[in-house]
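Here's the structure, in structure tokens; my notes come after.
Where a number appears in this text, it was derived from the coordinates with a stated rule and is not lab data. Computed from a predicted structure; not experimentally measured. A quick note on method: Cβ atoms are made from the backbone with ideal geometry, for glycine too, and the neighbour counts reach across all protein chains shown.
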Amino acid sequence: MSAVKNIWVSALILLLSILFFGLSGTDIWVQKHFYNPSTHQWIVDTNNPVLKFIFYDGIKRLLIILNVLVLIGLIAWWKKPFLLPYKRGLVIVVLSSIFVPLLVSSLKAVTNIPCPKSLEIFDGTYPHTCVWEKYPSDFCQKQKQKCWPAGHASGGFALLSLIFLFRTRKAKIASVALAMAIGWSMGSYKMLIGDHFLSHTFITMIMAWLIISIIVYSIEQWEARRVSGIILSKK
């Protein structure tokens, strides 16, 4: 599928997903399985140091380190012949590792959607609203909420860009499986501690692929203009 088709299909799936989760009640139904109303506790303790290190601090730091190493290697070996077959893919991976978390976090900062643990249904203080709805007029909001979409999982889903790095079908499938495993493990952890709904992580996954597709399309357009410029300069 071309980058243009990827963009349109991803955008459509994103819109339909927002509507589905906003209207279906799926989020609440799923999240209730992770909360004990009698003890007022989530299935996983957010203060558990081992799980927090593995699924939050540790994986986040590891991804940052790997991305920095890839960027350094790309800059250091830019003109090396052995890098030529992978140069385009590495650029896509680096740009995705930057722009997917950046854009998801930027959107998260302005949507003003609370986390599950902040909702009245889970013993919080906020009413449940869809992303396109305003809070009730009689509700007094003391602090802006920043829980939609899922920012933490965006770093994992940015790894979907690895599909453009590898050449064989087997390697591409493995890279997608790795990205999904990391992204969903990060997102699931946040669901189990009451920080995100299922839709938050799912929307982030679709957004990540949409952003990656836009990056790929932009690079293709730049390459096409560059080739045209070279041809014209030789005439």
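Points to keep in mind about this one:
- Net charge contributed by nearby residues that have their C-beta within less than 15 Å of Ile212 (K/R +1, D/E -1): +2
- Entry note: segment 1-109 has Rg to Rh equal to 1.10, where both radii use alpha-carbon atoms and Rh is the Kirkwood radius.
- Residues with amide H under 5 Å from that of Cys147, placed H, sequence gap 5 or more: Asn112, Ile113
- Net charge of the neighbourhood of Ile18, taken over other residues with C-beta under 13 Å away and scored Lys/Arg +1, Asp/Glu -1, is -2.
- Coupling constants for segment 147-161 follow from the phi torsions by the Karplus curve (6.51 cos²θ - 1.76 cosθ + 1.60, θ = phi - 60°), and in residue order they are 10, 9, x, 7, x, 4, 6, 4, x, x, 6, 4, 5, 4, 5 Hz; glycine and proline get x.
- The chain, relative contact order [Cα under 8 Å, separation at least 6], %: 29 percent
- Under the convention that each Lys and Arg Cβ holds +1 and each Asp and Glu Cβ holds -1, the size of the dipole of the chain around its Cα centre is about 1420 debye.
- Which label in [x] 19.5; [y] 17.9; [z] 20.3 gives the computed Kirkwood radius over Cα pairs in Å: [x]
- Extension gain, Leu23-Asn48: 0.36 nm per intervening residue step, less the Cα-Cα distance, totals 5.6 nm.
- Listed peptides 119-125, 177-183, 165-171 appear in the order 177-183, 119-125, 165-171 once ranked by packing, highest mean of other Cβ atoms within 10 Å at the front.
- Cα-based reach from Lys52 at 17 Å (exclusive), listing aspartates and glutamates while leaving out same-chain residues under 8 positions away: Asp195
- FRET efficiency for Lys134 and Met180, using Cβ-Cβ distance with R0 set to 41 Å, rounded to 0.05: 0.75
- Neighbours of His128 by Cβ distance under 9 Å: Lys/Arg scored +1, Asp/Glu scored -1, total -2.
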